[in-house]
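I have placed the structure first, in the form of structure tokens, so that the comments after it can refer back to it.
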Protein chains: 2
Amino acid sequence: MGETSIERGRSARARLLTAARELIGELGWNAVSTRTLAERAGVRSGLVHYHFDSLQALLRHAALDEVQRMLEGTSALLAGATSPSDDIERMLFDLDQYNGSDPASLLFVETYLAATRDHELRQGMSALVADFRRSLTEALTRSGHPRPQAAASMILAFFDGFVLHKGLDQGLSAEHIAPLLRRITNTEESRITNTEEDGE
Amino acid sequence: MGETSIERGRSARARLLTAARELIGELGWNAVSTRTLAERAGVRSGLVHYHFDSLQALLRHAALDEVQRMLEGTSALLAGATSPSDDIERMLFDLDQYNGSDPASLLFVETYLAATRDHELRQGMSALVADFRRSLTEALTRSGHPRPQAAASMILAFFDGFVLHKGLDQGLSAEHIAPLLRRITNTEESRITNTEEDGE
DNA sequence: GATCGCCTTGGACGTTTGACCAAATACTAT
DNA sequence: ATAGTATTTGGTCAAACGTCCAAGGCGATC
């Protein structure tokens, strides 16, 4: 059967997706053009519309692939662990390797933004994030957290915000944050519900 | 002295900045063009380069103005309050009015991203965010928080992530999060530092 | 009413963009 | 070899882009 020709095609398609993954982070979603994309992938610009319906479809596909890869890797890490609290901290320290300006972090944020203006991308991202939140909620439930759902939402939002802020504040590090993150993942309800009436 | 002519100029300049503020959120930073900008402002496109050195300079100016307005308003709210914990919760509920897809929220995130690729914008944003973090840290110090700086960083990152996530997860609401946010703003160090050895 | 200065216009420029396609190429199957 | 299928090329197309500028408008000043 026809294979070598098809294999070359698959390779070119894959190189286009890789180039898109890189360039979205480097230049920004809207600044990626068919021509820069083709140059990075080592092909001619005409190929883009042979393998994909449109430039947007290519970017969508590349971004969802990468986000899925990142989230599924992390959620597998959570599923196989005994103490979710520790693993969430480990996730935080993993985040430390990104400086907030690298293509990997930026691709994530770029995709969030693009999703607010692209219905199909939004649906894909919603599904992926919902899956990950479910994993995180289950891990927190397993460890007996009193509010697993709220904690999962909060941790997710915080992690993304953390990446965002590291772009501006290079001094921001996981070390300073870890003790406070522990407050969130703590399985016991805090005794002090509020310190009201604490006038100056 | 010449006033009417100058006043007209000021008005046109202001309308251009307003249009930029709106369009950055609606279309995305890189999708704002001189022509759409001029149309929204009710002027001809040539005016953009009369009042500003370049399109990027206009966008930069508009974005920094708006971010400053937002942050200074919120930090004034913190400064005049007696119980920072409550005010941080109130800030959270204020955030609830944004659905995460409105121009105001998006302008914030768009500016973050643009700042990673524009040195001048990055410096401006860094300064504004640093100022706000200082206000927040002071408020937390005043209320006797044991780790005011780390808590401020965490709350800032979380708030931005919260806005980001609301674009995808419409069910995300401040109500569910508030009890856990209280764990962060609590002035007492948590007794339970960690719940290790919690194997199944 | 002529002059001056600032604001505004409308169009021009060279580039880049997404999309499209006929022709060329590479490989398989007959 | 031949025909057939899939991939790749190289170029064209109209549209949109940022920037620039000569000319016109318009109120204040002389």
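The values are calculated or read from the model by the stated rules, or taken from the named source; none is laboratory data. Note that the structure is predicted; figures quoted are calculated from it, not measured. Please note: Cβ atoms are built from the backbone with ideal geometry, for glycine as well, and neighbour counts cover all protein chains shown.
Miscellaneous remarks
- Top-ranked residue in segment B:7-39 [being within 11 Å of chain A (Cβ to nearest Cβ), small (Gly, Ala, Ser) and more than 9 Å from DNA strand D (Cβ to nearest atom); ranked as nearest to A:Thr111 (Cα to Cα)]: B:Gly28
- Evaluation of A:Ala14 against the conditions (1) more than 13 Å from DNA strand C (Cβ to nearest atom); (2) in contact (Cβ under 8 Å) with a residue 40 or more places away in the chain; (3) more than 22 Å from B:Met154 (Cα to Cα) shows that the sole unmet condition is (2).
- Residue among B:Ser105, B:Ser101 that alone is within 30 Å of B:Ser54 (Cα to Cα), touching a residue at least 12 places away in the same chain (Cβ under 8 Å) and surrounded by fewer than 20 Cβ atoms within 10 Å (Cβ to Cβ): B:Ser101
- Some residue of segment A:76-98 being small (Gly, Ala, Ser), free of Cβ contacts under 8 Å to residues at least 24 places away in the same chain, outside any loop (DSSP other than H, G, I, E, B) and away from chain B (no Cβ under 11 Å): yes
- Tally of residues being charged (D, E, K, R) and facing chain B (nearest Cβ under 7 Å) across segment A:123-168: 2
- Screening B:Ala20 with (1) part of a loop (DSSP other than H, G, I, E, B); (2) in contact (Cβ under 8 Å) with a residue 12 or more places away in the chain gives one miss only, at (1).
- Considering the conditions (1) under 23 Å from B:Leu27 (Cα atoms); (2) at pLDDT 90 or above, B:Ala152 is excluded by exactly one of them, (1).
- Qualifying residue in segment B:44-62 (condition: in contact (Cβ under 8 Å) with a residue 12 or more places away in the chain, among the acidic types (Asp, Glu) and either outside any helix (DSSP H, G or I) or away from every other protein chain (no Cβ under 14 Å) (or both)): no
- Count of segment A:1-25 residues, restricted to those that are at pLDDT below 95 and of a type in the set (Asp, Glu), is 2.
- Some residue of segment B:64-84 being surrounded by 15 or more Cβ atoms within 10 Å (Cβ to Cβ), within 15 Å of the chain's Cα centre (by Cα) and among the basic types (Lys, Arg): no
- Criterion violated by B:Glu89 - all others in (1) farther than 30 Å from B:Leu140 by Cα; (2) crowded, with 17+ Cβ neighbours inside 10 Å satisfied: (1)
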